[in-house]
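Here the structure is laid out as C-alpha cells; the discussion comes afterwards.
The values are calculated or read from the model by the stated rules, or taken from the named source; none is laboratory data. Being a predicted model, the structure only gives us computed values, none of them experimental. Ideal geometry is used to build each Cβ from the backbone, glycine not excepted, and the neighbour counts take in all protein chains shown.
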Amino acid sequence: MRANCSRVIVENFFEPCALYLLLHKPSYGYELLKNLKEHCSCDVNIGNLYRSLARMQKQGYVKREVTKSTIGPKRYAYTITTLGKTYLSSWIDDLKKQQKIIHALITNYKKNL
C-alpha cells in the first residue's frame, strides 16, 4: 500500500477488479477501463491496464482473442481463464486477510484517541 494524498491505494488493485469484471463477460481494453472506473472505482492509466493484461495473458490468467472491426483496426477481447479464476480467488482471500488487519488498526486507533 502507498499513500496518495489523503487516500490509501492497494498496489495493482485494479488487477483483481479487472479479473472480476472479466468473470462476468469478455471485454475489450477500453470497455474494461470504463467498467473499472464505473463498477470498481479504479482510475487506471490505459497503458498500465494493457501492460497488466499482457502480463496476465503471459501468466495464463486471461486469454486474448482477435475480433474484426468494421470501423477500424482489429480489436482484442479478453476473457478470464480457469487459472485466472483461481488467481482471483487467491486475491480475494488475501484481501480478506488485509481487511481484518486494517479493521483492527482502525478499531484500535479509535479506542486510543
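Right, Gly29: surrounded by fewer than 14 Cβ atoms within 10 Å (Cβ to Cβ) and small (Gly, Ala, Ser) or not?
It is false that Gly29 is surrounded by fewer than 14 Cβ atoms within 10 Å (Cβ to Cβ) and small (Gly, Ala, Ser).
Mind checking which residues of region 28-76 are touching a Lys or Arg at 6+ places or on another chain (Cβ under 7 Å) and assigned to a strand (DSSP E or B)?
Tyr28, Val66, Thr67, Tyr76, listed by residue number.
Criterion first (farther than 10 Å from Ile80 by Cα, surrounded by 12 or more Cβ atoms within 10 Å (Cβ to Cβ) and modelled with pLDDT of 90 or more) does Arg51 satisfy it?
No; evaluated as a whole, the condition is false for this residue.
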